[in-house]
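**Q** Have a look at this one before I ask anything.
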Amino acid sequence: MNYSNIQEPPSSYTSGNIISRFINGLTFRYYWATEKLTSEDLDHKPCESSMSSLETIEHMLWLTELIKNALLGKESHRTFNQEMKGTAFSELRQLSLSNLELASAEARKKAPEDLETIQILIRTKDKDFSFPLWNLINGPLSDFMYHTGQIVSFRRASGNPIPKGVNHLLGKGAY
């Protein structure tokens, strides 16, 4: 899939298409926020108490797991974060992009009545949690966008702004 541009919009405004398009916007923004990050960018953190860009990207992969699994009707295991520790940036990035692509495709299939059944299912060592679609919107989807902005800001601070020519309104990439 070409993540450097947002695909053409669907021809109809269905609830599933709207969620899918929102995810496509997240994917596009994440693609450009993480495109050509250097090791200096990945290590950057604005202060000692904050996460580095790489640590933020690791967290963002977890968010994409929650998003994807909720739309697929699967549970997410909290051990996922520990299992992914030490994964190379390029793999973290590709997994996040792939998860978002799959989530977008699943969202397009959803009829309004399907949305009422979507649940974020989280399994921890001690407890299971379940949250409705509303929490997917104000939780992982919004959190992912928030952290994408952090990556953009961090990389700008480390001297490597996103490439000139990216147009977020039009969903067009720099190249």
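Each reported figure results from applying straightforward, stated rules to the coordinates on display, with no laboratory input. Values in this document were obtained by computation on a predicted structure and should not be read as measured data. No Cβ is skipped: glycine too gets one built from the backbone with ideal geometry, and neighbour counts run over all protein chains shown.
**Q** Would you please put 45-51, 3-9 in order of how densely packed they are, using the mean number of other Cβ atoms within 10 angstrom per residue and starting with the highest?
**A** On the way: 45-51: 10.6, 3-9: 15.3.
Sorting 45-51, 3-9 by mean packing, highest first, produces 3-9, 45-51.
**Q** Would you work out if segment 86-130 is rounded, prolate or oblate? Take a ≥ b ≥ c from the square roots of the eigenvalues of the alpha-carbon gyration tensor; rounded if a/c is under 1.5, else prolate when a/b is larger than b/c, oblate otherwise. Before the final figure, lay out the partial values.
**A** Numbers: a/c = 6.75, a/b = 1.23, b/c = 5.50.
The shape class here is oblate.
**Q** Where does each of 105-111, 85-91, 72-78 land if you order them by average Cβ count within 10 Å, highest first? Can you show the working numbers first?
**A** Details: 105-111: 17.3, 85-91: 11.0, 72-78: 14.6.
Top of the packing list down: 105-111, 72-78, 85-91.
**Q** Per DSSP H run of at least 4 residues, take -39500 (n - 2.57); add these up for the chain, divide by its residues and hand me the 222 nm value, nearest 500 deg cm²/dmol.
**A** Details: 8 runs with 94 residues, N = 175.
Rounded to the nearest 500, it is -16500 deg cm²/dmol.
**Q** Which of the listed residues, Leu100, Ile137, Gly159, is farthest toward the dipole's positive end in the chain, when Lys, Arg count +1 and Asp, Glu count -1 at the beta-carbon?
**A** Positive-most Cα among the choices belongs to Gly159.
**Q** From the Cα gyration tensor of segment 16-92, with a ≥ b ≥ c the square roots of its eigenvalues, which class applies: rounded if a/c is under 1.5, or else prolate if a/b is larger than b/c, or else oblate? If you can, show how the numbers build up before the last one.
**A** Details: a/c = 2.31, a/b = 1.39, b/c = 1.65.
Verdict is oblate for segment 16-92.
**Q** Here is a further query. For the chain, what is the percent of antiparallel DSSP beta bridges, rounded to the nearest 5?
**A** On the way: 6 of 9 bridges.
Looking only at bridges with both residues in the chain, the antiparallel portion is about 65 percent.
**Q** Now for a separate question. Would you mind checking Lys45/Lys125; Lys45/Lys164; Lys85/Lys164 for any pair whose Cα atoms are more than 25 angstrom apart? Walk me through the numbers before you get to the answer.
**A** Values: Lys45/Lys125 30 Å; Lys45/Lys164 23 Å; Lys85/Lys164 32 Å.
Violating the 25 Å Cα-Cα cut-off are Lys45/Lys125; Lys85/Lys164.
**Q** Ok, one more. What translational diffusion coefficient, in µm²/s and rounded to a whole number, does the Stokes-Einstein relation yield for the chain at 20 °C and a viscosity of 1.002 mPa s, taking the hydrodynamic radius as the Kirkwood radius over Cα pairs?
**A** Details: Rh = 16.7 Å.
Taking Rh from Cα pairs, D becomes 128 µm²/s.
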